[in-house]
Structures are given as structure tokens and as C-alpha cells.
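To start, the structure under review is shown below, and the notes come after it.
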2 protein chains.
Amino acid sequence: MITTANVKNGVNVDQLVETIGAVQSNPELAKFEFRAKNNWINGGHCVSSIKSFYGVGAEDESRQETFTMESSHPHVLLGQDEGATPPEIVLHALGSCLTAAMTYHAAANGIDIQSAQSSLDGGVDLQGFLGLDAEVRKGFDGIKVKLKVKSDASVEQLENLAKFSPVFDIITNPTPVAIEIVKQ
Amino acid sequence: MITTANVKNGVNVDQLVETIGAVQSNPELAKFEFRAKNNWINGGHCVSSIKSFYGVGAEDESRQETFTMESSHPHVLLGQDEGATPPEIVLHALGSCLTAAMTYHAAANGIDIQSAQSSLDGGVDLQGFLGLDAEVRKGFDGIKVKLKVKSDASVEQLENLAKFSPVFDIITNPTPVAIEIVKQ
């Protein structure tokens, strides 16, 4: 007998249902730790490498590739433009996460997604970063996301599915960041 | 007469001082808008492209390259591992931004930074994302950053400089995200 995997939106729904069942019977499996290593090159230019993570009760051994990502600043921000700026990279993470959350939760709910593209923009007043006005925040004053989706689901359903996004939570709610500086 | 640019930590300090002066006399120049376009490939796999931005009173025309970045999920998260996950990408953005903020503000204050590397980790309980426990948040419950720096400045000084980071602000404080879903 040939069995075909039950795949929707590119998500293996059988594996998703199994995962949910496994986590329900052992919540420890749901605890993940993600990591990055970052190296300063010069000025506002940095390179990160990402590989190891903990999850499903163990250190991951499946990931083969180390993902290397740059970050830099354009000329008007005194850089050599070797990569996107950190706030632009946040937009990349947010757009990807909203989309993936929507497609995964749609798959779990039997909803087809045919296509999805988004455009994101975030405004920032550099008087905050430059320390010129303590009333002005350093980060984005707000982010607008326009997400175009081909699906039979309603706009409201799709928005609720997208909002399962972990990065949406990280950005819209306060996430504690503990910084330990170690002098070399 | 040959003049040498006043560069510290890879940052052109003369240009930085000029920028601060220009913004002080015309705060409109400090208003930036950063953007990303994101395309869903399949499952939890997306690709972003980043190029255009607005700043210094005009649409940027200096950036030549379009930065393309992937995001995906490892096998245990039902993906094909074509790229880092969105929360890992947030760690990349945060590490890069803390470091760049530190080196820029150090340069402005006459502080030398010889080297900087950081490791970042963030814990997440997937019961939140999976919708299994409404009490569990979907994003990181916290991020730890260990930043190793070679510099004569004190740990406290360096930490205060790093905290000018826009991404640190975006993550630690609530940043409004407006989502508009458009059916195709």
C-alpha cells in the first residue's frame, strides 16, 4: 500500500498533528533555545553565524548548514552598505514569521493558502538613536505590514492565524533582554 | 595639504559630528523609513528583498545592491532548513545593532573599541505558538546577550553605549505593528 503524506501549504499536517500530540503529553518537548553568534567587523558592519539550537528535549543534530548573515549601514548612516541594517533585518524576520505562522495554522485548520507576499515598513526618527531628544524612541515608532494572500479564508481568519507569530509577539510586547558585557 | 579622515572604530567621526549638527538644525532629516518585501515560497520558507529606504529628507539613491535573505525552519519544526528561523534572525539583528550602537557612540565619545563578539540566546516554549496554553507567550520569554569587548572603557560605559540600539528598543519595549490583509 502506498500512503501519501497529508501536506497542505507545504506543511506536513500528519507531522504537525503528531507534534502537537507529543507536546501535549510531554510539555518539556516544547522548550526551545535559539542562538546566534555575532562578530564585529568594523564600524557598523557585523556578521552572524547561526547553527545550534536546543529543542524537542535535546540539542539538535539535524541541521547541517551554518547560516551566515551580514548586517551593515548605508553611506548616509556612515557605513559601506555591505548588508541590510538591523531594523531592516527585523522587518525580514517579522514578514517571514507572520507568513509562516499563517500557513502552519492554516494547514492545521484545513485552510488552503495559494500565495502570500508582504511589504513592511517601519518609521524611525534618528534623534532617538543620536541621543538628541530623550522623548524620541530609538527604535521604530511603528511597523506597517501589508500582507496579500490568495485564500478562501476571510481576512479576519487570516489575520488571527498570522498573529500566532512568535516574532510578532517579540516586537509588540516587551521582551526582556539581559546584556552581560565581558571585558577581554 | 593632505588631510586624513578622523576615523575611530571604523566610524568617520567628522561625518558623524556633521550628521548630528545637520539633524540638530533640521530635525526632518532624522526621519527614516525602512522597508522589506517578503515572498512566501512554501511551508515555513520565505525570502525577503531589501533595498529602498527613505532618509535625510529624500528617497535613497545610493544603495546599489538588493539584499536577499531567506528564512525557513528545521526538520523538527516541519521545514526543510533552507535558512535560519525568524526568531534566530531577530537575534542576528539584535547582536548587530547592539554592537553597531556601541561602536558608533564610542567613536562619538572618543572611546576605542578593539574587538567585539557576542553570543545571544533566546528561550521559547512552543506551547504558545501551537495555541496549547494561552498563558504561555508565543515569542521569546527572554534573550541573553553576552558581549565580549576589548576596550579601555568600563563595562557600565559600554553597556550604556550599546543600549542606544534601535533593535534593543524595538524588542524590549512594545512596538505597534499594524497588519493589513489584502485578499488576492
Task: Cα pair distances of the protein assembly as shown binned at 20 Å [whole percent] - done: 30, 56, 13, 1, 0
TODO: Scan around A:Asn12 for amide H atoms under 5 Å from its own, H built in the peptide plane at 1.01 Å from N, and keep only partners 5 or more places away or cross-chain.
DONE: none
Task: the stretch A:68-74 - phi-based ³J(HN,Hα) in whole Hz, Karplus 6.51/-1.76/1.60, Gly and Pro as x - done: 10, 9, 9, 8, 8, 9, x
Task: Normalised convex hull volume, the stretch B:86-174, alpha-carbon set, Å³ per residue - done: 91 Å³
Open item on the list: For B:Gly142, what residues show an amide H to amide H distance below 5 Å, using hydrogens built from the backbone and excluding near sequence neighbours?
Closed with: B:Gly123
Task: Phi to ³J(HN,Hα) by Karplus 6.51 cos²θ - 1.76 cosθ + 1.60 over the stretch A:168-184, Hz, x for Gly, Pro - done: 4, 5, 4, 7, 7, 10, x, 10, x, 10, 9, 10, 10, 8, 10, 6, 9
Task: Residue-by-residue Karplus 3J(HN,Hα) for the stretch B:113-118, coefficients 6.51, -1.76, 1.60, Hz, glycine and proline x - done: 10, 8, 7, 7, 9, 9
Task: Principal semi-axes in Å for chain A [√(5λ), Cα gyration tensor, largest first] - done: 34, 23, 16
Task: By average C-beta atoms within 10 angstrom, highest first, the peptides B:73-82, A:90-99 - done: A:90-99, B:73-82
Open item on the list: Counting only pairs 8 or more residues apart or on different chains, how many lysine pairs in chain B have their Cα atoms under 25 Å apart?
Closed with: 15
Open item on the list: Let me confirm one metric for peptide A:60-70, namely the mean number of other chain beta-carbon atoms within 10 Å of its residues' beta-carbons.
Closed with: 4
TODO: May I ask you to report, in nm to one decimal and beginning with the shortest, the distances from B:Val7 to the same position in the other copies, taking label points 7 Å along Cα-to-Cβ?
DONE: 5.0
TODO: Report the net charge of residues surrounding A:Thr68, where surrounding means a beta-carbon distance below 15 angstrom and charges are Lys +1, Arg +1, Asp -1, Glu -1.
DONE: -3
Task: Over the stretch B:8-83, volume per residue of the alpha carbon convex hull, in Å³ - done: 141 Å³
Open item on the list: Taking the number of other C-beta atoms within 10 Å as the exposure measure, put B:Ile113, B:Ile179 in order starting with the fewest.
Closed with: B:Ile179, B:Ile113
Task: Label spacing, shortest first and in nm, from A:Glu33 to its equivalents in the remaining copies (7 angstrom along Cα→Cβ) - done: 4.2
TODO: Name the long-range amide H neighbours of B:Thr85: under 5 Å, sequence gap of 5 or more, or other chain; modelled H, no Pro or chain starts.
DONE: B:Ser72
Open item on the list: Counting only helical runs of four or more DSSP H residues, what would the 222 nm mean residue ellipticity of the protein assembly as shown come to if each run contributes -39,500 (n - 2.57) and the total is spread over all its residues?
Closed with: -8500 deg cm²/dmol
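No lab work stands behind these numbers, since they all come straight from the coordinates. Computed from a predicted model, the values in this text were never measured in an experiment. Methodologically, a virtual Cβ is constructed for each residue, glycine included, from the backbone with ideal geometry; neighbour enumeration extends over all protein chains shown.
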